[in-house]
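Novice: Next up is a structure, given as structure tokens.
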Amino acid sequence: MAHDVNCFAPPMACVKCWFSVIGPAAAMSPQQPSTPADLLAWYIAMGVDAAVAGEPANWFARAAAPVGASERRKPVPPPPQPAPRPAQGSGARPRPRFEAETDSRASAEAHAGASQAASLDELRECLQAFDGCPLKATAKNLCFSRGSPSARLMLIGEGPGRDEDLQGQPFVGRAGQLLDKMLAAIDLGEDDVYIANIVYWRPPGNRTPTPQEVLACAPFLERQIELVDPDILVFLGGAAAKQMFDTSEGIMRLRGKWRTLKAGGRERRAIATLHPAYLLRNPSAKRLAWRDLLEIGAALDD
Ligand code: URA
């Protein structure tokens, strides 16, 4: 099979190429960075590109200190003892009151704002002003959507990555390029699809968004679906599929099966497939994604 990452052949010929894309990051190894630039490139490819503290810490200096030295310099006080909690039947950790209150305030604000947005532009403005999702604090840009607002097919991913954060659009990095090739293989272009994510800001280091972050964004996504009003929803990867189908089942069980889902005010056909980033790491899974794509293409022809 030919391996041509840069192929822009016509749709069906292109199948061969999106089946074979393996990016340079997979070939890089953290074990043998030959130069600091290589190491930096590897960090960036792995998503380690966001500062999480106000001041830089010299971790090499820490490593040079004898083990236990810092403890000797500065005795660590014993941790405060938590107040005894009443026994919980379920064994679940009760959420701190402050956290729960913040969540419900953010959720009320999100519901109110989203429901008042009369257009996608208003919804985007509303999100720009919304401070209820903690991801906004570390992200550079809001990633609202890509594609056509009149598309019959809406794709929903997990969350923006580094490239998306920089450009302010979903799926514009390597996973997005593969997604475009996959869509081209069933004859769909940017005008035929509308693309969004379950969260609108990049999770630091590309981690999976937390339930709290997803919940804060959910009213906006619900309204976005309502305003675009697609016939078919496609969830890309486990995080999006679990959230949208409200299940804890894994993506390998969820993918490739049509369901009817009430989303954006009415019932719609919905299907999950593998995330393109997963396909970049596991090229052999592309045959499963290809089956899902054929399903999606056939459903659009119905
Ligand atoms: N992965 C996603 O889930 N969404 C994007 O926008 C980019 C990568």
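Novice: Could you please find all residues in the stretch 280-299 being within 20 Å of the chain's Cα centre (by Cα) and more than 28 Å from Glu222 (Cβ to Cβ)?
Specialist: Leu280, Arg281, Asn282, Pro283, Ala285, Lys286
Novice: Is it the case that Glu267 is within 28 Å of Ala114 (Cβ to Cβ), over 17 Å from the mean Cα position of the chain (by Cα) and part of a loop (DSSP other than H, G, I, E, B)? Write out each step before concluding.
Specialist: Numbers: within 28 Å of Ala114 (Cβ to Cβ): yes; over 17 Å from the mean Cα position of the chain (by Cα): yes; part of a loop (DSSP other than H, G, I, E, B): no.
It is false that Glu267 is within 28 Å of Ala114 (Cβ to Cβ), over 17 Å from the mean Cα position of the chain (by Cα) and part of a loop (DSSP other than H, G, I, E, B).
Novice: May I pose another question? For the list (1) away from the ligand (no atom under 16 Å from the Cβ); (2) acidic (Asp, Glu); (3) closer than 20 Å to Leu294 by Cβ, I need the number of the one condition that Asp229 fails.
Specialist: Condition (3) is where Asp229 drops out.
Novice: Can you pull out the residues in the stretch 163-195 that are more than 8 Å from the ligand (Cβ to nearest atom), in a loop (DSSP other than H, G, I, E, B) and aliphatic (A, V, I, L, M)?
Specialist: Ile186, Leu188
Novice: Let me ask something else. State yes or no: is Pro160 at negative phi, buried (at least 20 other Cβ atoms within 10 Å of the Cβ) and assigned to a loop (DSSP other than H, G, I, E, B)?
Specialist: Values: at negative phi: yes; buried (at least 20 other Cβ atoms within 10 Å of the Cβ): yes; assigned to a loop (DSSP other than H, G, I, E, B): yes.
Criteria met by Pro160.
Novice: Taking the stretch 121-133, which residues are farther than 10 Å from Phe220 by Cα and not in a loop (DSSP other than H, G, I, E, B)?
Specialist: Asp121, Glu122, Glu125, Gln128, Ala129 - these are the residues of the stretch 121-133 that are farther than 10 Å from Phe220 by Cα and not in a loop (DSSP other than H, G, I, E, B).
Novice: Could you check the stretch 163-176 and list, in sequence order, the residues that are free of Cβ contacts under 8 Å to residues at least 60 places away in the same chain and surrounded by 19 or more Cβ atoms within 10 Å (Cβ to Cβ)?
Specialist: Within the stretch 163-176, Glu164, Asp165, Gln169, Pro170, Val172, Gly173 meet the criteria.
Novice: Another one. Please find, among Leu155, Leu123, the residue that is among the hydrophobic types (A, V, I, L, M, F, W, C), buried (at least 20 other Cβ atoms within 10 Å of the Cβ) and within 15 Å of the ligand (Cβ to nearest atom). Walk me through how you get there before you give the answer.
Specialist: On the way: Leu123 fails: within 15 Å of the ligand (Cβ to nearest atom).
Matching residue, one of Leu155, Leu123: Leu155.
Novice: Kindly indicate whether Pro219 is within 17 Å of the chain's Cα centre (by Cα), away from the ligand (no atom under 16 Å from the Cβ) and in contact (Cβ under 8 Å) with a residue 60 or more places away in the chain. Explain how you work it out, then say what you get.
Specialist: Values: within 17 Å of the chain's Cα centre (by Cα): yes; away from the ligand (no atom under 16 Å from the Cβ): yes; in contact (Cβ under 8 Å) with a residue 60 or more places away in the chain: yes.
In short, yes.
Here is a yes/no grid of residues against (1) at pLDDT below 95; (2) assigned to a loop (DSSP other than H, G, I, E, B); (3) out of contact with any Gly (no Cβ under 8 Å at 6 or more places or on another chain); (4) within 25 Å of Gly132 (Cβ to Cβ):
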site	(1), (2), (3), (4)
Arg202	no, yes, no, yes
Ala216	no, no, no, yes
Glu222	no, no, no, yes
Ala241	no, no, yes, yes
Met244	no, no, yes, yes
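Novice: Hey, can you tell me all the residues within the stretch 121-140 that are more than 22 Å from Val193 (Cα to Cα) and either of a type in the set (A, V, I, L, M, F, W, C) or in contact with a Lys or Arg (Cβ under 8 Å, 6 or more places away or on another chain) (or both)?
Specialist: Those that are more than 22 Å from Val193 (Cα to Cα) and either of a type in the set (A, V, I, L, M, F, W, C) or in contact with a Lys or Arg (Cβ under 8 Å, 6 or more places away or on another chain) (or both): Cys126, Ala129, Phe130, Gly132, Cys133, Leu135, Ala137, Thr138, Ala139, Lys140.
Novice: Take the residues in the stretch 231-264 that are without any contact (Cβ under 8 Å) to a residue 24 or more places away in the chain and small (Gly, Ala, Ser), then tell me which one is nearest to Ser119 (Cα to Cα).
Specialist: Ser248
The values are calculated or read from the model by the stated rules, or taken from the named source; none is laboratory data. Source: prediction; values computed, not measured. Don't worry about glycine lacking a Cβ; one is built from the backbone with ideal geometry, like all the others, and counts go over all protein chains shown.
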